[in-house]
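The values are calculated or read from the model by the stated rules, or taken from the named source; none is laboratory data. Small disclaimer: the values here were computed from a predicted structure and weren't measured. In this analysis, Cβ positions are derived from the backbone assuming ideal geometry, glycine residues included, and neighbour counts consider all displayed protein chains.
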Amino acid sequence: MSKCIKNFGLEKFYPIMKLVIGYFVYIATSSGVIAAPNDGKKCESVNAIISAEFEAGGMSSCSSFVPSIFRVLIEPEDEDSIGRSAWYAFKITNKVSTPIVVELVYRGGEHRFWPKISRDGRTWSRLDSSMFKEVSEQRIQLFLQPQDNPYYIAAQEIYGNDVSLNWMNKMVANNAVSRSTIGASELGRPIHKIESNSGNNTKEYIFMIGRQHPAEVPGAWAMTSFIETLYANTDLARRFRDRFGIISVPVVNPDGVALGYWRNSTGGRDLNYTWGPFVHKETLSVKNELDRFKGGDKLKLFIDFHSTHGNLFYTQRSPGGEWPSDMTRRWFSGAMPRLNNYEFEHIALTTDSGMKNSNNYAYHTFNVPTIIVEAGEETERLTIQNAMVVFAEELMRVMLGS
């Protein structure tokens, strides 16, 4: 997958064409003149095929009442996900050289992400603002020109389990890292970890997890860049790895990622609210891995990567006080002068929220500081990656200076 979202050149519709087509869409959809969907994951007319039959594909149903106009229904996977990050991803194959209109209709949520487009499923760009219209918070119309080859439309870049696995294998090939399976999801998909191979048999560790929530793709970009910095061939990173071990579980919810879920797992729950009692296989697998720190190895820091409306950090000092001393202030003081166009908010959690989430579990079970990294949903991906290099480097400096 591309390191950042690149430009995608497309011609613009003539304004009159958009008005005419938009009018017909309004008349048809408001009057209920919509054909029955094919099978929920695919629909077809004489002009085009729309399909979500691929990993991370997401739509509830699809229909076409005239050859050039389609309606895609977007619903959450279950009631617990209502109002969350509405995910959609589908592939369009043009059969004739005729523009099409795709109307996105939301139930149980609203339009949240700027539509993205890709010719190959790897290099993405934001859809030009002239190519879609927000009719309401629950109705969006996309005006799409024909392409010679199939192309993709999605809420965010499609960052499937295969992308994460390829990245982990690349890390194994290029660094002193091992990959192993720590468990399986409810549907049997493997849950992988990568771990540093320390030459000094370190007993102090940093532990990181990601993708508890499938639609939070920017969090995956943040996590991979952060981890790559910890494994970089720099004097700072080498000294850090000499002292600290690094364990990462990049995808805690592989079922949700594969099935194009908004937020939850196939067990019908938000995994980040199931950290005790451990009734879901995914969080139980991570908990079992963390159990090693109840013995000889020592956990020093826990980080969970997510994404939300803006760039945000939650920090929670350990019950015994902040480690290293004055860690948060020193970390941000070192990072801020180096950041380029990366504004963020910091929320210090001084008490337990009472939620059964990952950071509270690590905080109470191991008496360690925890960090939740929230990458902005519409922050440029290269900006996120560059910022995470800075934050990882400054965190290493603070921890090494403890």
Within the stretch 250-260, is even one residue among the polar types (S, T, N, Q), surrounded by 24 or more Cβ atoms within 10 Å (Cβ to Cβ) and either in contact with a Ser or Thr (Cβ under 6 Å, 6 or more places away or on another chain) or more than 25 Å from Thr383 (Cβ to Cβ) (or both)?
-> yes
Does the stretch 376-388 contain any residue that is under 21 Å from Ile246 (Cα atoms) and of a type in the set (S, T, N, Q)?
-> yes
Among Pro214, Pro150, Pro190, the single one that is outside the structural domain of Lys294 (by TED's automatic domain parsing) and in contact (Cβ under 8 Å) with a residue 40 or more places away in the chain is Pro150
Is it fair to say Ala176 is farther than 16 Å from Gly210 by Cα, at pLDDT below 95 and not hydroxyl-bearing (Ser, Thr, Tyr)?
-> yes
Go through the stretch 274-307 and count every residue that is of a type in the set (D, E, K, R) and under 20 Å from the mean Cα position of the chain (by Cα).
-> 2
Applying the selection to the stretch 90-103, what residues are crowded, with 20+ Cβ neighbours inside 10 Å and out of contact with any Pro (no Cβ under 8 Å at 6 or more places or on another chain)?
-> Phe90, Val101, Val102, Glu103
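Looking only at the stretch 108-160, how many residues end up being small (Gly, Ala, Ser) and surrounded by fewer than 17 Cβ atoms within 10 Å (Cβ to Cβ)?
Number of matching residues: 3.
Of all residues in the stretch 276-308, how many are in a loop (DSSP other than H, G, I, E, B) and not acidic (Asp, Glu)?
7
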Are any of the residues in the stretch 391-399 basic (Lys, Arg) and more than 26 Å from Ser325 (Cβ to Cβ)?
-> no
Which condition does Gly276 not pass, out of (1) surrounded by fewer than 16 Cβ atoms within 10 Å (Cβ to Cβ); (2) without any contact (Cβ under 8 Å) to a residue 40 or more places away in the chain, if it passes all the others?
-> (2)
